[in-house]
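The block underneath contains the structure these notes are about, expressed in C-alpha cells.
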Amino acid sequence: MIKKMICYSDVDGTIYGRDFTVSEELKKDILNFQKNNGEFVISTGNPAFARHRKLAADLNVRYLITSNGSAILDTKEDKFIYINRFPIDIQNKIILAAQKYKSHINYWTDYRFFTANVKKEFDYCYDYSLFTRDMVELNDKPHPNVVKMEVFDTEENIKNIYLEIKDLDINIVYMRKQHIEITMKKSSKGQAARWLSENVFNEKIENAMTIGDSPNDWTMLEISDFSYAMENSGDDTKKIAKFHTSTYNQNGVGLALRDYMDRVKSKNNSNK
C-alpha cells in the first residue's frame, strides 16, 4: 500500500527549458497532484538561490533538493534540513586541478556563488542558477561552506581533470563531455530523495515517482519503481528509467504525474 504519493522532479529540461518558464498546463497538473495529497519535490543541481526559491513558491513546493542532493531546503521554515559540505582539502585539490588547465570552475555555498578562470563560451552556465550576475564572486580560494563544484572546459581538459580528482572522496557526474559536476560522496539526488522519503514522509523511496532528463538524475531514477525519462533525454537516461514521457515543452511532467497517480491507485486497489 502506498500511503503517500511523492514526486521528485528535475528542473532544467524537465520542468522547463531555456526560457525558464513553467507552462500553465503543468502548473495545473502539479496543483491537481497536490490536491490529491501528493508531495511535489523539486530536485535540482543548482543552488537554493532566488531563481529556484521563486520556482518553489510559484509551484507551492515546500521541499527543495539542491546542488545534486548536497542541500535540502524546507522553504516553509526557510532552513536547510540536510547539508553535506566539502572539506577544505578536497576543495583545494579540485581548484588546483582547474587552475592547472585554466578551466572554468564554479562552486557555491548556501548563500555565495564563486567562479574562476572564466571562459566566455561557458558564460551561459550562470543563468541556470541565478537571475542576475550580481552575486557572482571572482575567487579561487576554498570556503568552509561549499556544497557543490562544477568545471567546464574542452573534452580533453575535462578528461584530464577527472583523472586527477577521481580518487577523492567525491561523486563526479559527466553532464556532457565539456562539463562535470562534483559533490561529496554521500550527496546525490537519489540519496537526498531516499533521505526525504524515509525521514520526512515516512514512505519507501521505491513508491515515489522520479523524473528527469540528465546524468545527474540517474541516481534517483535507479531507485524508484516509478521513474520517468523525458523524451528530450539522452539514450542512457531512457535506458535507466522504467517509463518514458513526452518533452518538457509538451507537458512531459504533467502527463507523467497523471500516469503515476493512475498506477498508484491501481496498485493500492489490487492490495485491498
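Here, each number is a calculation from the coordinates, and none is a lab measurement. None of the values given here were measured: they were computed from a predicted structure. Cβ placement follows ideal geometry from the backbone for every residue including glycine, while neighbour counts extend to all protein chains displayed.
Annotations for the structure displayed:
- Ordering of 63-70, 80-87 by packing is 63-70, 80-87, highest average first (other Cβ atoms within 10 Å, averaged per residue).
- Residue-count net charge about residue 202 - beta-carbon cut-off 15 Å; Lys, Arg +1, Asp, Glu -1: 0
- Helix-only mean residue ellipticity at 222 nm for the chain, each DSSP H run of n ≥ 4 adding -39500 (n - 2.57), per residue, nearest 500: -9000 deg cm²/dmol
- Sequence ranges 134-147, 6-19, ranked by mean other-Cβ count within 10 angstrom, highest first: 6-19, 134-147
- Net +/- balance of residues flanking residue 22 in space, Cβ distance below 11 Å, scoring K and R +1, D and E -1: -2
- Evaluated with a Cβ-only charge set (Lys, Arg +1; Asp, Glu -1), the chain carries a dipole of roughly 580 debye about its Cα centre, given to the nearest 20.
- Within region 88-184, the proportion of Cα pairs with more than 24 Å between them is 12 percent.
- Projecting the Cα atoms of 61, 122, 73 onto the charge dipole of region 58-146, computed from C-beta unit charges around the Cα centre, puts 122 farthest toward the positive end.
- Taking the fewest neighbouring Cβ atoms within 10 Å as the starting point, the ordered list for 29, 127, 153 is 127, 29, 153.
- Across all Cα atoms of the chain, the radius of gyration (one decimal) and Dmax (whole number) stand at 18.3, 62 Å.
- Gap separating the Cα centres of region 231-272 and region 69-145, nearest whole Å: 32 Å
- Within region 47-106, the proportion of C-alpha pairs whose separation exceeds 16 Å stands at 55%.
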